[in-house]
Structure formats: structure tokens, C-alpha cells
1. State, in angstrom, two size descriptors of the range A:194-240 derived from its alpha carbons: Rg to one decimal place and Dmax to the nearest whole number.
2. Rg over Rh of the protein assembly as shown, using C-alpha atoms and the Kirkwood radius, what does it come to?
3. Given charges of +1 on the Cβ of Lys and Arg and -1 on the Cβ of Asp and Glu, with all other atoms neutral, how large is the dipole of the range A:2-200 about its Cα centre, in debye to the nearest 20?
4. What's the extension gain from B:D47 to B:I27 if we count 0.36 nm per residue and subtract their Cα-Cα distance?
5. With the calculation restricted to Cα positions, what are the radius of gyration and Dmax of the range A:301-340 in angstrom?
6. Mind sorting A:H93, A:H9 by how few other Cβ atoms lie within 10 Å of their own Cβ, fewest first?
7. If you place +1 on the Cβ of every Lys and Arg and -1 on the Cβ of every Asp and Glu, how big does the dipole about the Cα centre of the range A:211-336 come out, in debye to the nearest 20?
8. Before rounding to the nearest 500, sum -39500 (n - 2.57) across all DSSP H runs of length at least 4 in the protein assembly as shown and divide by the residue total; then give [θ] at 222 nm in deg cm²/dmol.
Amino acid sequence: MFFRVIPKHVLPDLVRGLAEQHEVVGPVAKGDVFVYAPVSDAADLRLDYDTTVLPAKRWFFPESEDLMRFRVSDNAVMEESLDTVPRVLFGLHPCDVNSLLLMDNVFLGDAPDPYYKARRDNTLIVGVSCMPNEHCFCDAWGTGETHWGFDIFLTDIGDDYYASIRSVMGADLVDRYVACRMITDEDTAAFQRRAAEFKGAFSNDLDTSQLPVLLDAKFDSDIWDRLGEKCLGCGACSMVCPTCYCFDVHDELDADQLHGVRVRTWDSCQFKQFAAVAHGQNFRDTRASRVKYRYYHKQWGYLSKFERVLCVGCGRCTRACKAQISPPRVVRALQTGVVD
Amino acid sequence: MATSETHKVPVIANPYRPSPARITSIIDLTPQEKLFELRLIDDSARDAFDFQSGQFVELSIFGVGEAPISISSAPSKQGFIELCIRDSGDVTGAMHKKRCGDIVGLRGPFGRGFPFREMKGHDILLVAGGLGIAPLKSLINHIHDDRHEFGNVTILYGSRTPSEVLFREQFDMWKHREDFDLVLTVDQPDETWTGETGLVTKLFDKIHVDPKSTYGAICGPPVMYKYVIAEMRKKAMDVDRIYVSFERRMKCGIGKCGHCGVGHQYACIDGPVFNYWEAMNLQEAI
């Protein structure tokens with residue numbers, strides 16, 4: 001990794017330069033929240049945002065996408081294509097950069113998903129440092145910092161950004177479009193101060209140790225019944241989660257009933273039919289079992305395969321849940337045996 | 001600022017694309033179940049289709065959807081695969097309306113099957129309940145083709161009623177074979193039934209098992225597993241030589257869509273066949 005210092009006032013030059021050949025998507029204000037959206041004017045980019053409602057996954061794994069067009073009569077695939085555009089996601093926080101690496105394990109590992117891969121290959125990532133809000137708990141998983149998974153990462157050090165550069169493309173773009181300089185020891189000291197300030201800004205001291213043991217040993221605990229009684233089964237936690245990747249596939253027929261489209265949509269293990277099979281059997285027919293599975297999979301199932309938990313501590317599900325079920329609350333319930 | 005053009009890109013190496021397969025034979029097994037023989041149309045897809053007993057395919061009918069179906073034919077049968085399908089949902093219902101010569105789609109084979117090579121040289125005890133005979137039929141036929149490589153082979157197969165016994169014609173013929181101990185039982189016999197009656201677990205009193213050299217394989221309705229496993233354990237069979245095959249909602253087949261999660265594993269890539277030691281360590285399994 002190498003580094004540059006970019007004065008804040010010239011950052012719009014980088015955005016404009018990137019926009020010459022890319023669609024720039026970044027955090028913009030929408031009412032009193034922030035969303036990732038295409039940016040047509042660098043001034044609209046709100047790098048001071050706290051979080052977005054939806055995570056960045058939709059730019060690689062949209063909430064709904066056509067997988068293929070088909071013909072019914074001979075079960076033939078007529079067209080298999082995807083829309084993609086050279087794109088920059090500008091302004092992802094470390095948690096969201098890390099979330100994409102977790103998604104990569106699933107979508108780019110064995111039997112790679114060509115739809116996800118095409119968009120991932122066609123997208124540059126520019127990360128930006130942040131300060132935690134009251135729902136953030138990335139410190140619990142160590143996902144508040146990132147050292148790969150981006151082309152450029154900008155750490156705010158006052159009047160300048162301390163830019164970490166990870167890819168050839170990132171290096172090219174910085175040197176081509178923006179007046180920057182080499183780092184000094186003073187800049188690195190400023191970077192260290194910023195990192196310490198970030199680390200010191202977390203208020204919760206969530207104990208996430210031994211979760212796989214607790215999840216198995218307390219699999220039949222009544223904390224899950226308590227949480228199941230609260231859960232509304234709405235699935236919002238999965239939709240806003242940057243690491244929830246489950247999907248459903250269904251066929252939509254044209255009006256003539258002769259052709260149609262096979263469509264993939266986001267799905268949630270919180271929906272009742274998620275684990276249902278034929279003959280009326282449902283392997284998770286209670287809300288308690290479904291709430292439990294979401295945590296069991298994230299903190300143990302995924303961990304057992306990829307050695308990381310499937311959570312980056314972004315706090316989006318905490319904000320989205322109308323029943324006040326949040327990962328810190330569930331983890332505390334596992335630790336103490338009581339739902340607070 | 002300049003806007004970049006969205007462009008269509010062809011999808012390559014697509015694991016979601018079904019390969020067309022022609023239905024080459026349909027046999028009515030019971031009022032609810034038919035046995036379909038299928039042949040992949042594309043030569044290279046057919047040559048590449050190499051599977052183990054216990055694996056499954058995604059049966060894909062455009063306009064309806066996909067359903068996971070275990071393969072009933074043996075890997076030793078080249079060029080064709082057989083699927084025993086109960087009319088129990090949208091896709092299986094649509095399949096039951098198909099005729100010989102119609103084209104459907106297949107993806108797969110997927111998952112981990114029975115450890116056939118490891119089983120060689122040992123006695124085999126297969127226990128099936130209802131439609132659970134479908135994946136075991138593949139293993140039975142495979143063993144049949146390499147019969148001299150196995151010790152005693154015992155098959156216990158339980159059905160609810162005589163009319164629901166699958167592959168009955170073949171099993172009726174096999175009753176007289178000396179190299180397979182085949183015992184059929186039904187819960188609700190009729191006047192024609194001459195076999196055993198009662199649950200499949202009752203048959204364990206009638207069989208001899210050498211625990212040192214026996215591999216077990218079980219497939220049936222979810223409720224059946226713990227009782228059959230208990231019988232096998234009473235016979236002192238090792239936990240890691242008892243194999244079970246689980247039905248879950250395998251939708252993508254490649255460990256991505258999440259629907260077939262069972263404990264910390266996915267049935268589609270980690271199973272659907274697990275040994276009992278693995279299953280004991282798997283929440284939600286049995």
C-alpha cells in the first residue's frame with residue numbers, strides 16, 4: 001500500500017475525474033437520511049454522512065434482477081445478460097468495505113455468481129473514514145478498519161485526506177486527476193491521532209467472545225422465545241443488512257404465457273416460508289426459530305466456513321427493527337441468559 | 001459530469017442456467033409418484049454429468065420454477081438419469097403433466113452423496129421410509145452393479161400402505177434373490193399384503209448386524225431418523241458409519257441462496273448426506 005495526501009478542497013477534482021468514465025455513486029442526503037445514489041454534482045456528495053438506509057450490496061446484488069429470459073415450449077434460455085456500467089462507489093465506510101469482502105466469499109468462491117462478479121469487476125471502491133454513531137459496533141468485530149477491498153481509502157486528517165492506495169487503478173486516478181503530495185511523518189502522526197480518536201469514540205463494550213459456544217450451548221434457551229415474541233417477522237433486518245445475501249428466484253410469465261423472465265430477489269430467513277419444503281413441512285415454523293437462525297448463521301454458520309462472523313457492526317438493522325432487536329442486545333442476551 | 005452508458009454484458013459460466021433435458025420415459029409407480037428418465041440433450045453437458053448416489057439435481061421448468069430432486073438411478077447407468085417424483089408442489093405438479101419427449105431443464109448434480117468407495121468391502125444396511133427410497137435406490141442399484149465388492153446387503157423399506165410402495169415390481173422380483181436381504185413393511189396392510197406390517201424400526205429385531213463391518217444409510221420423512229438411528233446404535237454401529245440424507249429447501253444448489261441452511265451448514269453443499277456424527281453436531285438436523 002502506498003499513500004498520498006489530498007487537500008480536501010481539491011477532492012471534487014477526483015470525483016469529476018472519476019466521473020469521466022464512471023457512474024459515481026455515493027452518499028447523498030434524502031430528507032433527513034442518507035442514501036447511496038448516483039451523483040451528478042460533486043457538491044452533492046455528503047462524505048460527512050453517518051450511515052445510509054440501504055447498504056452498498058444493491059450495486060452488486062440488486063433487490064431484484066432478471067437472470068434470464070426463457071421460452072416455455074422447449075424450456076429454452078433466450079437471453080442471458082446483465083446490465084452493468086463502470087461505476088465508482090465513492091465514500092464507503094470501513095464496515096461497508098468489509099461487508100463486500102464477506103459477500104465475496106459467498107458470491108465469488110466456489111461456483112462464482114456471474115451476475116455479482118461482473119458488477120464487482122466493473123466497480124471501483126473509494127472508502128472514507130467515519131466516526132461512530134450510537135448504533136455502531138464495528139469495534140466488536142474489528143471491522144472498523146480495512147486494509148484491502150478498496151482502490152482508494154480516504155482518512156480525514158483535518159484539512160486533508162490521508163489517502164491509502166491499494167490498486168493500480170486507484171493510483172492512476174489519484175495521480176491523474178488530483179493535485180496531491182507525498183506523505184510526511186506529520187501526516188502519519190495525524191492519521192494515528194484520527195485512528196485513536198475513532199477507537200476512543202465507541203461507548204459500548206460488547207463482549208462477543210465465545211459466541212459459537214454460547215449459540216450451541218444455549219440453543220434451547222428461552223431467550224429465543226422472548227426474542228421471537230418481540231419479532232414482527234418483517235425481514236427489514238435482512239434487507240438493510242450489508243452482509244445478508246439470501247435470495248429467492250421466481251419466474252414471471254409474459255402476457256402471452258409463451259415467454260418469461262426468471263427473476264432473483266432478496267429474501268429473508270425471517271419470512272415464514274423460507275425453510276418450508278413440500279408436504280407442508282417447515283423446518284423453522286416459529287418466529288423464535290427464525291430469529292435464532294439469523295444469529296446462529298451469522299455468528300457461527302458463516303464463521304465455520306469463512307473464519308469471520310457475517311456482521312460488520314454497521315447498526316442498520318438496529319435502526320430498522322421496530323421491535324428493538326439488535327445484535328448487541330442479542331449478544332448480551334446470550335452472555336447473560338436474559339433479554340434486557 | 002459525463003454519464004456512462006449502461007451496457008448489456010453476456011453472462012458466462014452461469015451456474016443458474018439449466019441444461020435442457022428430454023424426458024425419455026415415464027413410469028407410473030403409484031397414483032402420486034412417477035419415475036422419469038431424462039437425457040441431457042447437449043453432448044458435452046451429458047458427458048460432464050458425473051454424479052454420486054445421494055446427490056440431487058435442480059429440476060427446472062421455465063414458467064413454474066425449480067425443485068431439488070434426488071437422483072434415483074445409479075452413476076453406473078450412463079447417459080440417462082432417473083428421477084422419482086411425487087406430485088406435491090408447483091414444479092413437481094407441472095412435471096407430472098409432462099409427456100415423453102417433452103423438454104425440461106436440469107442443473108447439477110449438487111451436494112455430497114454417500115461415500116460409495118468407503119462403503120466397499122463392508123456390509124450395508126439401508127433403511128428407507130416412503131419417498132426416502134428415491135435416493136437410496138441409486139445406491140442400491142450402484143451396489144448391485146458392483147455386488148461382489150460388498151458383504152451382506154440388507155434393505156429395510158417401510159411404506160404407509162401397499163399401494164404406496166415404490167419400485168414394487170422390481171422389489172417383488174428381488175425377494176427371491178440371495179444376495180440382497182430385502183424386507184418390505186407397511187403400516188396399514190390390505191388383504192393382498194403378504195409382507196411385514198408395522199414401522200420399519202420393528203424390522204431390526206429380525207436382522208443380524210455385524211457392527212464392526214456395517215455401513216448404514218437412512219432416508220425418509222424427518223420424524224423417522226431418530227428412531228432408526230436409535231435402532232442402529234442398539235446394534236452397536238459406529239456413529240460415523242451411519243449416513244443420513246436430509247431433505248431441505250435446496251433452491252440454488254450452490255451454497256448461496258441460503259434456503260437449505262441446517263444448523264451451521266447448508267444441505268446443498270455440505271450435505272444432503274451427512275454421517276451421524278456430523279448430524280449430531282448439527283443443530284436443527286434430527
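1. For the range A:194-240, the Cα radius of gyration and maximum Cα-Cα distance read 16.0, 44 Å.
2. Radius of gyration over Kirkwood radius for the protein assembly as shown works out to 1.03.
3. So the dipole magnitude of the range A:2-200 works out to roughly 120 debye.
4. Gain on stretching B:D47 to B:I27: 4.7 nm.
5. Calculated on Cα positions, Rg and Dmax stand at 11.8, 31 Å.
6. So the ranking, lowest neighbour count to highest, is A:H9, A:H93.
7. 720 debye
8. Dividing the helical sum by the residues of the protein assembly as shown leaves -7000 deg cm²/dmol.
Any read-out appearing in this document is the output of simple, stated calculations on the displayed coordinates, not a laboratory observation. Note that this is a predicted model, so its numbers are computed, not measured. Note that each Cβ is placed from the backbone with ideal geometry, even for glycine, and that neighbours are counted across all protein chains shown.
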